[in-house]
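Step one of this worksheet: look at the structure below.
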Amino acid sequence: MILVTMIFALLGFLSPSNRGGLMTAMLLLWVFMGLFAGYSSVRLYKLFKGTEWKKITLKTAFMFPATIFSIFFVLNALIWGQKSSGAVPFGTMIALVLLWFGISVPLVFIGSHIGIQKPTIQDPVKTSKIPRQIPEQAWYMNPTFSILIGGILPFGAVLIELFFILTSIWLHQFYYLFGFLFIVFVILIVTCAEITIVLCYFQLCSEDYRWWWRSYLTSGSSALYLFLYAAFYFFTKLDITKPVSGVLYFGYMLIVSYSFFVLTGTIGFYA
């Protein structure tokens, strides 16, 4: 979704001066890309010899959007309570739910149905069925340590751009540098892939084969740094005194960080 949105913005289809255009494009793209979501999740699931494909399809259709929607709903309730005109009307909320259940969920199921009929992706190597004993690991191969180290590089790649994006969102300035943003996004993808591959290689060299969640969290931990940076930005750059405004800021940054976590983690895992 992010890639296609960026290409559209890059080619000039989405004007930055039309604030809602970007958001609408992202939502519609997200809804229609349910097809790809179902397809790719089921293909990956089959690779890991999974059998309950209906369960995984349901999780694909609900897990991410439900988290985002619940945070969004709570924040919107707070704005309603303040009698603000900035709140999303109830009708729009219903429309969002209808888009999600009416278009996105069926498309995820269609995609997974197509994915089920495809042949399973074959591993390039044979792995033994018997799990080996994992030897004593060096201190720097501690999961927590290597996961936290892995997040620094991808975050460093987007840091400067992040500053401009936050400024354009929270200080009412326009964001025009979509070409530059696209390059930064490509650098982010490459960095996530490389750092995960390197740390996974170190891990396998020390005979620890449990790479699945490690690989996801290694690049995904950059989202933690993103949230910490958002907090730093809040206290140094913004003059927000009302508690509701503060909650809104951190709520929206939580949504952004969570999306960033899913994005970078997935890149790392696939790599």
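The values are calculated or read from the model by the stated rules, or taken from the named source; none is laboratory data. Just so we're clear, the structure is a prediction, and the values are computed from it rather than from any experiment. We place every Cβ from the backbone using ideal geometry, glycine too, and count neighbours over all the protein chains shown. Surface areas here come from the heavy atoms of the whole protein model, side chains and all, with no ligands, DNA or RNA. Shrake-Rupley method; radii C 1.70, N 1.55, O 1.52, S 1.80 Å.
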For this session: For every other residue with a beta carbon closer than 10 angstrom to the beta carbon of ILE121, add +1 if it is Lys or Arg and -1 if Asp or Glu, then tell me the sum.
Result: +2
For this session: State in Å² the accessible area per residue of the chain; use a 1.4 Å probe, count heavy atoms of protein chains only, and round to the nearest integer.
Result: 60 Å²
Seminar exercise, completed: Reduced to Cα centres, the span from the range 2-39 to the range 210-251 in Å works out to 23 Å
Seminar exercise, completed: Computed over the chain: longest principal axis from alpha-carbon atoms vs helix 19-32 long axis, angle to nearest 10 degrees, is 40 degrees
Exercise. Which trypsin sites (Lys or Arg not before Pro) does the range 202-267 hold that lie in a coil by DSSP with at most 16 other beta carbons within 10 Å?
Worked result: ARG210
Exercise. Could you give the radius of gyration (one decimal) and Dmax (whole number) of the Cα atoms in the range 173-245, in Å?
Worked result: 17.7, 53
Exercise. Among (1) 19.2, 66; (2) 20.6, 62; (3) 28.6, 119, which one is Rg and Dmax of the Cα atoms in Å computed from these coordinates?
Worked result: (2)
Exercise. In the range 20-83, which trypsin sites (Lys or Arg not before Pro) are in a loop and have at most 11 other Cβ atoms within 10 Å, using DSSP for the loop call?
Worked result: LYS49, LYS83
Exercise. Which longest uninterrupted range of the chain lacks any chymotrypsin sites (Phe, Trp or Tyr not before Pro) assigned by DSSP to a loop state (not H, G, I, E or B) and surrounded by at most 13 other Cβ atoms within 10 Å?
Worked result: 49-173
For this session: Just need the relative contact order of the chain here, percent rounded to a whole number, with Cα pairs under 8 Å and 6+ apart.
Result: 22 percent
For this session: Give me the angle, in degrees from 0 to 90, between the Cα long axis of helix 222-237 and the longest principal axis of the Cα atoms of the chain, rounded to the nearest 10.
Result: 30 degrees
Exercise. Per the 1.4 Å probe, what fraction of the accessible area of the chain, in percent, lies on carbon and sulfur atoms?
Worked result: 74 percent
For this session: Kindly express, to the nearest 10 degrees and within the range 0 to 90, the angle between helix 53-81's C-alpha long axis and the longest C-alpha principal axis of the chain.
Result: 30 degrees
Seminar exercise, completed: Using alpha-carbon positions, the gyration tensor of the range 1-122 gives root eigenvalues a ≥ b ≥ c; with a/c under 1.5 called rounded, otherwise prolate if a/b exceeds b/c, else oblate, the class is oblate
Exercise. Which of rounded, prolate, oblate describes the range 93-225, given a ≥ b ≥ c as roots of the alpha-carbon gyration tensor eigenvalues and a/c under 1.5 marking rounded, otherwise prolate only if a/b is larger than b/c?
Worked result: oblate
Exercise. So what are the ³J(HN,Hα) numbers for the range 134-149, from phi and the Karplus equation (6.51, -1.76, 1.60; θ = phi - 60°), rounded to whole Hz, Gly and Pro as x?
Worked result: 8, x, 4, 8, 5, 4, 7, 8, 4, x, 4, 5, 5, 5, 5, 5
For this session: Would you please state which residues of the range 83-113 a label at THR24 would reach in this model, taking the label point 7 Å out along Cα→Cβ and a backbone N cut-off of under 19 Å?
Result: 86-100, 103-104
